[in-house]
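The values are calculated or read from the model by the stated rules, or taken from the named source; none is laboratory data. Keep in mind that what you see is a predicted model, and the values were worked out from it rather than measured. Note: accessible area is taken over every heavy atom of the protein model, side chains too, but ligands, DNA and RNA are not part of it. Shrake-Rupley method; radii C 1.70, N 1.55, O 1.52, S 1.80 Å.
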Amino acid sequence: VSIRILRSIGAYEGQQWATRFGFDADKNPPYLTLALGAGATTPMQMAVAYSVFANGGYRVNPTLVTKVTDLRGTVLTQARPAVLNESMRAIDARNAFLMSNLLQEVTRSGTAAKAQATLKRPDLYGKTGTTNDSMDAWFAGYNPHNVAVVWIGYDQPRKLGDRETGGGLALPIW
């Protein structure tokens with residue numbers, strides 16, 4: 001289905017659309033395999049992309065450290081949440097809502113069902129991923145306040161194992 005959609009809108013349009021989510025166009029060439037995840041990305045780019053859904057369609061820059069305190073707990077510095085405005089909108093709020101519903105189903109009864117079952121949290125959304133020949137495994141997940149991505153692989157690509165998957169390797173770390 002994804003390839004049919006990309007074929008109907010055009011691979012170049014799909015490539016340009018992906019930049020709204022923080023993906024590099026030059027690392028995601030305009031070919032139909034883009035619909036299958038054939039491009040290259042980083043865990044940080046994945047977190048930015050999933051934050052669009054968590055933020056109701058707005059793309060925000062990630063905050064890695066939200067607060068620094070001293071030994072007594074006195075706050076030395078604290079990040080302020082981004083003030084959302086329409087210039088930050090990547091997709092319509094309705095589309096973000098629909099995607100979140102789909103991604104919540106993955107954590108409820110799909111390949112990431114262990115997330116809700118283990119944590120007893122119905123407010124989790126996400127997607128597992130495994131590349132061809134189990135070279136990489138990942139899980140990108142969020143709730144309305146946080147996004148986190150776990151990637152497992154080798155710096156010099158090689159197989160993780162014949163039966164290794166994102167749901168089996170990355171999800172438990174997440």
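What percentage of the solvent-accessible surface of the chain, computed with a 1.4 Å probe over protein heavy atoms, is contributed by carbon and sulfur atoms? Could you put the intermediate results ahead of the total?
On the way: 6260 of 11330 Å².
Whole-percent figure for carbon plus sulfur exposure: 55.
Which residue fluctuates the most in the chain, going by a Gaussian network model with Cα springs under 10 Å, if the choices are V65, V75, V147?
V75
Could you state the accessible area per residue of region 52-174 in Å², with a 1.4 Å probe and every protein chain left in place? It would help to have the intermediate numbers written out before the result.
Details: 8210 Å² over 123 residues.
Value for region 52-174: 67 Å² per residue.
Give, to the nearest whole percent, the P(r) tail of the chain beyond 21 angstrom, counting all Cα pairs. Mind showing how you got there, number by number?
Numbers: 8328 of 15051 pairs.
Result for the distance tail: 55 percent.
If you look at just the Cα atoms of region 1-73, how large are its Rg and its Dmax in Å?
Just the Cα atoms of region 1-73 yield Rg and Dmax of 16.2, 59 Å.
Using only the alpha-carbon atoms of region 57-100 as identical scatterers, what base-10 log of I(q)/I(0) does the Debye formula give at q = 0.16, 0.21, 0.25, 0.32 Å⁻¹?
-0.59, -0.75, -0.88, -1.08
Go ahead and set up a Gaussian network model of the chain, Cα springs under 10 Å, then flag whichever of S87, S51, S134 fluctuates most.
S87
For a 26 Å ceiling on Cα separation, which of these pairs sit above it: K27/K159; K114/K159; K67/K127? Walk me through the numbers before you get to the answer.
Details: K27/K159 22 Å; K114/K159 24 Å; K67/K127 28 Å.
Those over the limit are K67/K127.
Please tell me the relative contact order of the chain in percent, rounded to the nearest whole number, where contacts are Cα pairs under 8 Å and at least six residues apart.
Working: 284 pairs, mean separation 27.9, N = 174.
With pairs under 8 Å counted, the relative contact order is 16 percent.
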